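**Q** Dropping a structure here in structure tokens format, bear with me for questions.
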Amino acid sequence: MLVLGIETSCDETAAAVVTDAEIPAARIRASVVLSQIADHAPYEGVVPEVAARAHLAQIDGIVRRALDEAKIGFVDLDAVAATGGPGLIGGVIVGVMTAKAIAAVRDIPFIAVNHLEGHALTERLTGTLEFPFLLLLVSGGHCQLLIVEGVGKYMRLGTTVDDAMGEAFDKTAKLLGLGFPGGPAVERAAKGGDASRFALPRPMIGRPDCHFSFSGLKTAVRRHVETLGGLPLHGDEARDLAAGFQAAVADAALDRTKRAVEMFRARHNGETHLVIAGGVAANSVLRARLGDLATTQNFTLHTPPPALCTDNAAMIAWAGLERLRLGLTDTLDFKPRPRWPLDPDAAPAIGAGVKA
Ligand code: KG4
Ligand code: ZN
């Protein structure tokens, strides 16, 4: 089985071909990711209109490259999957329309994939993980703890009451004058920094729920920068603030995930798998801290390789393939969805949260 995947929901134009090969290492036949970082860098953030136009200009060539790398043609495809949301709607429309056109011409199934499900199932593409598992999904737009019980079966335990974790990294990078994209810049700057030099809060720690909050932490970073006289920072100031911020985020992630482990155990006693996915899962400090948590809780931590943590189309093709196997295909009148929760029944975090 050969499935083409298309991802255009944010600032990467991506196409990939995956198969259902028994051996996980043989499943990705091609994965092409074209980053728009240079297009958005002057604005220090992703501009939706710029993103949509760049996706439109690039998508045909990127699909062609993925097919060429996989050494196949359109005639060899069994299905085509595209991110159907959530995301920047202009970009999502470009990917969905491209996929629908291929599906219509070739008369093969079309699958609209929830971008978050792509991240959630990545560990099953690269390994042999079975359901259920506990998932910390941390990206530029999302920050959630979920129990994953099957394809399309999610129970959200917690979310953020304000910024997503990646967004907090991006905004902190801006405050520290580290540039865009912020996550990798903060991680690089923090190397060798003194995380204890500047006092920073650990929002939400100890609360009985699993929610996150980062706006108070961001404000605290801003105050330190102001006290230091604003940008540009001098000497080790940026390094130490970046290290302090990263440590505070990791502390929060550890505490919130520990609470989620308790909730997961109450529902699935004896199951012991924890996955971190999404762009921020590429952060080595976060991975190491969650590795320690997993060890003390007798859990196994799974983290996809960094290139599959950040946005890519292999995860979309794989989620499409998993859906196809279950007969969960979509019709060509599917409407792209700017918002698309994995667990529509989850109680909103607003009101539960303290904007610390
Ligand atoms: O999953 P992703 O590629 O796109 C979304 O779906 O949002 O995640 C991008 C986010 C950005 O906020 C980026 O700053 C963050 O992931 N990120 C990182 C690292 N690499 C990417 N955050 C912290 N440390 C990193 N090494
Ligand atoms: Zn993503």
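**Q** Do any GluC sites (Glu not before Pro) in segment 1-57 lie in a DSSP loop with no more than 11 other beta carbon atoms within 10 Å, and if so, which?
**A** Working: sites: Glu7, Glu12, Glu22, Glu44, Glu49; in loops: Glu22, Glu44.
Qualifying residues, ordered by number: Glu22.
**Q** What percent antiparallel are the DSSP beta bridges of the chain, to the nearest 5?
**A** Numbers: 25 of 42 bridges.
Of all bridge pairs located within the chain, approximately 60 percent are antiparallel.
**Q** Oh, and also: Under 12 Å Cα-Cα from Lys171, which aspartates and glutamates qualify once same-chain neighbours fewer than 8 residues away are excluded?
**A** The reachable aspartates and glutamates, counting only those whose Cα sits under 12 Å from Lys171, are Glu44, Asp163.
**Q** Return the sequence-ordered ³J(HN,Hα) values of segment 338-346 in whole Hz as given by the Karplus equation 6.51 cos²θ - 1.76 cosθ + 1.60 applied to θ = phi - 60°, using x for Gly and Pro.
**A** Coupling constants for segment 338-346: x, 10, 7, x, 6, 10, x, 8, 5 Hz.
**Q** So, one more: Expressed as a whole number of Å, what is the distance separating the alpha-carbon centroids of segment 246-266 and segment 177-209?
**A** Each part reduced to its Cα centre gives a spacing of 16 Å.
**Q** At a threshold of 8 angstrom on Cα-Cα distance, excluding pairs fewer than six apart, so keeping six or more, what relative contact order does segment 130-304 reach in percent? Please report the intermediate quantities before stating the final value.
**A** On the way: 336 pairs, mean separation 47.5, N = 175.
In percent, rounded to a whole number, it is 27.
**Q** Looking at segment 130-304 only, what percent of DSSP beta bridges run antiparallel? Nearest 5 please.
**A** On the way: 11 of 19 bridges.
Around 60 percent antiparallel, to the nearest 5.
**Q** Residue-wise, which Karplus ³J(HN,Hα) couplings in Hz belong to segment 119-131, taking 6.51 cos²θ - 1.76 cosθ + 1.60, θ = phi - 60°, and x for glycine or proline?
**A** Coupling constants for segment 119-131: 4, 5, 9, 4, 5, 7, 6, 8, x, 10, 4, 9, 6 Hz.
**Q** Rg over Rh of segment 91-190, using C-alpha atoms and the Kirkwood radius, what does it come to? Walk me through the numbers on the way to the answer.
**A** Details: Rg = 17.3 Å, Rh = 16.1 Å.
Radius of gyration over Kirkwood radius for segment 91-190 works out to 1.08.
**Q** Still on this structure, please answer the following. Semi-axes of the equivalent ellipsoid for segment 251-300, please: Cα gyration tensor eigenvalues, times 5, square-rooted, ordered largest first, whole Å. Walk me through the numbers before you get to the answer.
**A** Numbers: eigenvalues 73, 22, 21 Å².
Output for segment 251-300: semi-axes of 19, 10, 10 Å.
**Q** Any idea how far apart Glu149 and Thr219 come out in nm if each label point goes 7 Å out from Cα toward Cβ?
**A** 3.8
**Q** Using helices alone, what [θ] at 222 nm do you get for the chain, with -39,500 (n - 2.57) per DSSP H run of 4 or more residues, divided over all residues and rounded to the nearest 500? Provide the component values of the computation, followed by the final result.
**A** Details: 11 runs with 149 residues, N = 356.
Calculated from helices alone, the mean residue ellipticity at 222 nm is -13500 deg cm²/dmol.
**Q** Follow-up question, since we're still on this one. Using θ = phi - 60° and the Karplus relation 6.51 cos²θ - 1.76 cosθ + 1.60, list the HN-Hα couplings for segment 157-170 in order, rounded to whole Hz, with x at every Gly or Pro.
**A** Whole-Hz 3J(HN,Hα) from phi for segment 157-170: 8, x, 8, 8, 8, 9, 7, 6, 4, x, 4, 5, 4, 5.
**Q** Cα-based Rg of segment 222-356 per 2.2 N^0.38 Å, rounded to two decimals?
**A** On the way: Rg = 19.7 Å, N = 135, 2.2 N^0.38 = 14.2 Å.
That works out to 1.39 for segment 222-356.
**Q** Could you pull the Rg and Dmax for the chain, using just the Cα atoms, both in Å?
**A** 20.2, 63
**Q** Further, regarding this structure: Exposure proxy check: Asp236, Asp311, Asp333 ranked by fewest other beta carbons within 10 Å? If you can, show how the numbers build up before the last one.
**A** Numbers: Asp236 13, Asp311 26, Asp333 6.
By the 10 Å Cβ count, ascending, the order reads Asp333, Asp236, Asp311.
**Q** For the chain, set up a GNM with springs between Cα atoms under 10 Å and report which of Ala242, Ala190, Ala41 has the largest fluctuation.
**A** Ala41
**Q** Show me the three semi-axes of the equivalent ellipsoid for segment 130-304, from the C-alpha gyration tensor (sqrt of 5 times each eigenvalue), largest first, rounded to whole Å. Intermediate values should be presented prior to the final figure.
**A** Details: eigenvalues 185, 41, 39 Å².
Values for segment 130-304, descending: 30, 14, 14 Å.
**Q** Now a separate question. Roughly how big is the chain's charge dipole about its Cα centre, with Cβ charges of +1 (Lys, Arg) and -1 (Asp, Glu), in debye to the nearest 20?
**A** Values: 35 positive and 40 negative charges, 106 e Å.
About 500 debye.
**Q** So, one more: Normalise the Cα radius of gyration of segment 59-125 by 2.2 N^0.38 Å (N = residues in it) and let me know the number.
**A** On the way: Rg = 12.4 Å, N = 67, 2.2 N^0.38 = 10.9 Å.
In units of the globular-protein estimate, segment 59-125 measures up at 1.14.
**Q** What residue among Val32, Val75, Val275 shows peak mean-square fluctuation when the chain is described by a Gaussian network model with Cα springs under 10 Å?
**A** Val75
Quick note: the coordinates plus some simple rules give every number you see, no bench work behind them. Just so it is clear, the structure is predicted and the values come from calculations on it, not from any experiment. Please note: Cβ atoms are built from the backbone with ideal geometry, for glycine as well, and neighbour counts cover all protein chains shown.
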